[in-house]
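Here the structure comes first, spelled out in structure tokens, and everything after it is commentary.
The values are calculated or read from the model by the stated rules, or taken from the named source; none is laboratory data. These numbers were taken from a predicted model, which means no experiment stands behind them. Reconstructed Cβ throughout: ideal geometry from the backbone, glycine too, with neighbour counts over all protein chains shown. Note: accessible area is taken over every heavy atom of the protein model, side chains too, but ligands, DNA and RNA are not part of it. Shrake-Rupley method; radii C 1.70, N 1.55, O 1.52, S 1.80 Å.
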Amino acid sequence: MNDTATLTKVAAIAVGKPTFDVQLAQANVQAAFELLGEMVPQLSGRAEMVTEPHDVEAIVGSSSPVDVAVLIQATFTDARFAAALAGWAGRVIVWSFPEQPTGERLRLNSLCGAILAANQLAIDQVPASFVHGAPGPQAQAQLAAALAGAPADRPAINSAPRVTEGEASVAARRVVAVLRAASVGVVGDGPDGFGPCEVVERFGDVDLRADRRQLDELFAAADAVSTDELEAARNVVAGRLDGLDQMPAGETEPSLRLYGALGAMVAQRGWSAVATRCWPECFTDRGGAICSPLGMLADDGVPGACEADMLGATTMLALGQLAGTPAVLLDLVAVDTDADWAVLWHCGVAPTSTADPDQPALAGRHPNRELALTHQFSMRPGRITLARFSNSRGVDRLVYATGEVLASPPAFRGTSATVRFDHGAGDVLSTVLAEGLDHHLALVYGEFADELEALAAELGVGVVRL
């Protein structure tokens, strides 16, 4: 289709979650529908944000199939919203909205939701294209191309690893030996609609061991933390974060107990890394965040991934072995293609050893739930490597990028790194979306492209070079 007028059925559905800034999201949705209405005279849909996957399913179930569905990613959502469009729309346009770093709450996290949606649409083999921009001339140009049928930019970056020799190959073989021997504690299940967080027990040619435990077991261990152990945990955290003493002890105790419990389970079960479910139960059932406990655990030498992301934890383990320093798992949440920077962020889980020494590493509260305990800081400047053991599109691949963390104030509440990629922020974003890659990327300081190429060869997987 080369003309929007030839599209007989175009529908737009706006999706979001009420834990984000609903007022801002709805204003964007209204403006997006107005722009789409000018471009598509027979546009169907309502300019109201849908907040539950079953509501999307109801809309789809009560409507005839459409040529194009425009999924307006008003805020972050899980992939169930996108999955509901499979079989209903001939193709999908995912539209996400940018956010400028303010040092305050990440109000929408729209881009991360679009990345999860792209991952799901790739799994479901639904043709998709992507628009990232506020309603206006730039977004209009992207929309016009997408409506006319322009495919997503998918460069030929999936290839065999480069041939490497010497120290890189030695390091890769050492990492493979660690992975073969490792046991990853997986506590609870990944959140609904988070396909990248499913347990995977084989990656390439290597079997992975997942020690599955229930979330209730972690909570029971937290209850069993003694007074002395609780005080010891508090002293460790107070030595690494400023401002803990300014928070009420009763407010921080749930997280400190979770930190003590994770450490005890690691010791008892011999885990090399941990991937644990974090929300909503840690907030709703325990009254605290597990962000700081996971970051503290990483500082203690044990990679800890949130959202029960086993492959994320395994990637962190591999990067930590290469670097000799802790890795951190982050979301890609903001991209400025003109200024050529991107923000990688999470709610407050980065180990304190990654903090910028020229800025304070603070004890904080979760930006959406306003519960302790999280880390609050900007990550230190320096050369970095990002990587991910990925099963996106149902194919095992090692994804990696190199770049530099820039000196900057915290981009958003939580822990963040403002990054300049070696291959450009726009190209990285296009590849992540078009390839349907995972929403989590692991970051470590140092340059390890050669080692990762050698590791991919040892694992028997292809590479995606961002």
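Tabulated results
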read-out: Cα-Cα separations in region 357-466 greater than 23 Å, expressed as whole percent; value: 38
read-out: Percent of Cα-Cα distances greater than 24 Å, calculated over region 223-348; value: 32
read-out: Environment charge of Arg202, counting only residues whose C-beta is closer than 15 Å and scoring Lys/Arg +1, Asp/Glu -1; value: -3
read-out: Rounded percent of accessible protein surface that carbon and sulfur make up, region 99-147, 1.4 Å probe; value: 51
read-out: Anisotropy class of region 1-101 from Cα gyration tensor, a/c 1.5 cut; value: oblate
read-out: Carbon + sulfur, % of accessible area of region 372-417 - ligands and nucleic acids excluded, 1.4 Å; value: 54
read-out: Axial C-alpha extent at least 18 Å, average Kyte-Doolittle at least 0.5 - helices from the chain (DSSP); value: 22-39, 110-123, 167-181, 310-323
read-out: Inter-centroid distance (Cα atoms) of region 401-461 relative to region 306-385, Å; value: 12
read-out: Cα gyration tensor, region 283-406 - rounded (a/c under 1.5), prolate or oblate; value: rounded
read-out: Glu281-Leu24 FRET efficiency (beta carbon distance; Förster radius 25 Å; 0.05 resolution); value: 0.35
read-out: Chymotrypsin sites (Phe, Trp or Tyr not before Pro) within region 203-276, DSSP loop, no more than 12 other Cβ atoms inside 10 Å; value: none
read-out: Probe 1.4 Å, protein heavy atoms only - accessible area per residue of region 303-406 in square angstrom; value: 25
read-out: Rounded to the nearest 20 debye, dipole of the chain from Cβ charges on Lys, Arg, Asp, Glu; value: 400
read-out: Residues of region 22-145: accessible area per residue with a 1.4 Å probe, Å²; value: 39
read-out: Rounded, prolate or oblate (a/c below 1.5 giving rounded, otherwise prolate when a/b exceeds b/c) for region 134-291 by Cα gyration tensor; value: oblate
read-out: Antiparallel bridges, percent of DSSP beta bridges restricted to the chain (to nearest 5); value: 50
read-out: Heavy-atom accessible surface of region 212-297: percent carbon and sulfur, 1.4 Å; value: 46
read-out: Per residue accessible area in Å² of region 221-267, where ligands, DNA and RNA are left out and the probe is 1.4 Å; value: 47
read-out: Over region 84-205 - Rg/Rh using Cα atoms and the Kirkwood inverse-distance radius; value: 1.07
read-out: Region 46-154: GluC sites (Glu not before Pro) falling in loop per DSSP and having at most 11 other Cβ within 10 Å; value: Glu104
read-out: Per-bin percent of Cα-Cα distances, the chain [20 Å]; value: 26, 57, 17, 0
read-out: Computed label-point distance, nm, for sites Val170 and Arg383 using a 7 Å Cα→Cβ extension; value: 1.9
